[in-house]
Each structure stands twice: as C-alpha cells, then as structure tokens.
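The values are calculated or read from the model by the stated rules, or taken from the named source; none is laboratory data. Since the structure is predicted, the reported quantities are computational estimates derived from the model, not experimental observations. We place every Cβ from the backbone using ideal geometry, glycine too, and count neighbours over all the protein chains shown. Please note that ligands, DNA and RNA were not included when accessible areas were found on the heavy atoms of the full protein model with its side chains. Shrake-Rupley method; radii C 1.70, N 1.55, O 1.52, S 1.80 Å.
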Amino acid sequence: MKFNRNFALETEKYPEIYQRYLEKEDSLVKSLIRREFSVLDVGCGTGRTIPLVARRIRKYTGIDIDESGLEKSKSVASNYPNSTVSFLDATKLDKKYPKNSFDLCLCLWNTIGCVNDPVETLKQMGIVTKGECFFTVMAKGTIEKRKEYYEKLKIDYTINTKSETFYSPIWGESRAYSEDELKTLCSKSGLEISSISKIENLAYAIVARRR
C-alpha cells in the first residue's frame, strides 16, 4: 500500500504523550549506538532519525517502501556523507545485504505494527544484523491514547476494537501488541528478547538478537 506519511510527521503537533514517546525512543537509540557501528534503519520514512543517528556512528543505511517519504529522507541523508537511503522491502533484506552486515538494526515508531509481514520482517532484521535489533510498537490497552493522536492531527480512521488495530489513509493498518504477543512474534522470527520495557504506557521498546 502506498500512502503519504508526510502529513502526519509534524511532530510538534503530536499530543504530548507522543512527543514524550519520541523523546524516550531517541534516548534509547542513543544508548544503543556506538561510534564504530554500521546501523540499518528499517522504515526510515522521511529521515527523522538520520540527524540523531548518522553523526554518532560509522555508517547509516535507511530503507523504506514509501517513495514520497524516501524523497525527503534522501535529502536529509545528503547532509551526512556516511548515510545512504534506498527503496527496499523489509522482507527481502537478505537479498541485498549479506548476513551480519550491520552492528545494529532499528525499526522505530510502530513500523512493525504497520508492515504486512512482521514475522518475516523481524526475521530478516536478525539475519542481516550481527548485534541487536531494536524496535518499538504500540501496546494493547491504549486505544484512547491512540485515538487522541489521530483526532488531533485530523486523520480519518476506523478501529477494530477487538484486535485494537487502527486503519487510516496515512498509516494504513496500525496494530498493537501485548507483551505475550511480542514474545511469540519474536520467537517465530528467530529472535531472542534481551529486554522489553514500556514507553509512557503507550508503546513497548524491545531489544532482541538472532538466536
């Protein structure tokens, strides 16, 4: 599915809890990266994390399938000589990158909750990464907080309240997970969880690596 995310990336307009979520996510990313690292950012979007990450590491690689977002992220990446951004389906990472190509893999802002095949996406992240994979996803039990985001940004949406899945023209399908569901998801993907924590009681932050 192709949709324009640019409309929803004006972070200063986000509800305060979402702004705090992004700040905490950024802080966790900074705690994981090292100067010598080569980092893969799966679902880099419009390049929001490039300035945060690229200047702190050896090499930044971003991939996404949203062409409109990639235009902006390529522009951002042009300011950092150690950065490249390209179009690539996250379920086909090992078709382009050899095993253990990266020291760390990032998948932020509920990208795992939006991809068509989260199991294969996480599996592929593990294959091409010799170190840790870090991803964040919306937590179940947060429907009202998530509705606030869509309504404040005036994004049309519908909800499957049983699965707590949101549908919108901006983000497409946006799923939420329980902690047990995340453990199952990682197990199916061949990943072993190192840590799992809550961000603002809105999302989970997971650090895992290939078994």
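Just the residues that are surrounded by 14 or more Cβ atoms within 10 Å (Cβ to Cβ) and under 17 Å from Met138 (Cβ atoms), please, taken from the range 195-211. Those that are surrounded by 14 or more Cβ atoms within 10 Å (Cβ to Cβ) and under 17 Å from Met138 (Cβ atoms): Ile196, Ile199, Glu200, Leu202, Ala203, Tyr204, Ala205, Ile206. When Leu40 is tested against (1) touching a Phe, Trp or Tyr at 6+ places or on another chain (Cβ under 8 Å); (2) part of a helix (DSSP H, G or I), just one condition goes unmet, and that condition is (2).
Step by step: first the residues of the range 158-177, then only those that are in a loop (DSSP other than H, G, I, E, B) and either at pLDDT below 95 or within 16 Å of Gly45 (Cβ to Cβ) (or both), then the one that is nearest to the chain's Cα centre (by Cα). Which residue is that? If we take residues in the range 158-177 being in a loop (DSSP other than H, G, I, E, B) and either at pLDDT below 95 or within 16 Å of Gly45 (Cβ to Cβ) (or both), then Trp171 is nearest to the chain's Cα centre (by Cα). Restricting the first member to the range 39-58 and to residues that are among the β-branched types (Val, Ile, Thr), and the second to residues that are at pLDDT below 95 and assigned to a loop (DSSP other than H, G, I, E, B), the beta-carbon pairs closer than 8 Å and six or more apart or on different chains are Thr46/Arg5; Thr46/Leu9.
Consider Lys59 carefully, then state whether it is open to solvent by 80 Å² or more (accessible area, probe 1.4 Å), more than 21 Å from Ala205 (Cα to Cα) and either touching a strand residue (DSSP E or B) at 6+ places or on another chain (Cβ under 7 Å) or not β-branched (Val, Ile, Thr) (or both). For Lys59, the condition - open to solvent by 80 Å² or more (accessible area, probe 1.4 Å), more than 21 Å from Ala205 (Cα to Cα) and either touching a strand residue (DSSP E or B) at 6+ places or on another chain (Cβ under 7 Å) or not β-branched (Val, Ile, Thr) (or both) - is not met. Scan the range 123-143 and give yes if some residue there is assigned to a strand (DSSP E or B), aromatic (Phe, Trp, Tyr), at pLDDT 95 or above and open to solvent by less than 70 Å² (accessible area, probe 1.4 Å), otherwise no. For the range 123-143, residues assigned to a strand (DSSP E or B), aromatic (Phe, Trp, Tyr), at pLDDT 95 or above and open to solvent by less than 70 Å² (accessible area, probe 1.4 Å): present.
If the requirement is being touching a residue at least 24 places away in the same chain (Cβ under 8 Å), over 23 Å from Ala139 (Cα atoms), over 15 Å from the mean Cα position of the chain (by Cα) and surrounded by 21 or more Cβ atoms within 10 Å (Cβ to Cβ), which of these qualifies: Ser83, Ser101? It would help to see each step written out before you state the result.
Numbers: Ser101 fails: surrounded by 21 or more Cβ atoms within 10 Å (Cβ to Cβ).
After ruling out the rest, the residue left standing is Ser83.
Identify, from the list Glu192, Glu164, Glu181, Glu151, the residue that is out of contact with any Asp or Glu (no Cβ under 6 Å at 6 or more places or on another chain), open to solvent by less than 50 Å² (accessible area, probe 1.4 Å) and free of Cβ contacts under 8 Å to residues at least 60 places away in the same chain.
Details: Glu192 fails: open to solvent by less than 50 Å² (accessible area, probe 1.4 Å); Glu181 fails: open to solvent by less than 50 Å² (accessible area, probe 1.4 Å); Glu151 fails: open to solvent by less than 50 Å² (accessible area, probe 1.4 Å).
Every option except Glu164 fails the conditions.
Might you let me know whether the range 105-120 holds any residue that is surrounded by fewer than 23 Cβ atoms within 10 Å (Cβ to Cβ), of a type in the set (A, V, I, L, M, F, W, C) and under 17 Å from Gly190 (Cα atoms)? Yes, the range 105-120 contains a residue that is surrounded by fewer than 23 Cβ atoms within 10 Å (Cβ to Cβ), of a type in the set (A, V, I, L, M, F, W, C) and under 17 Å from Gly190 (Cα atoms).
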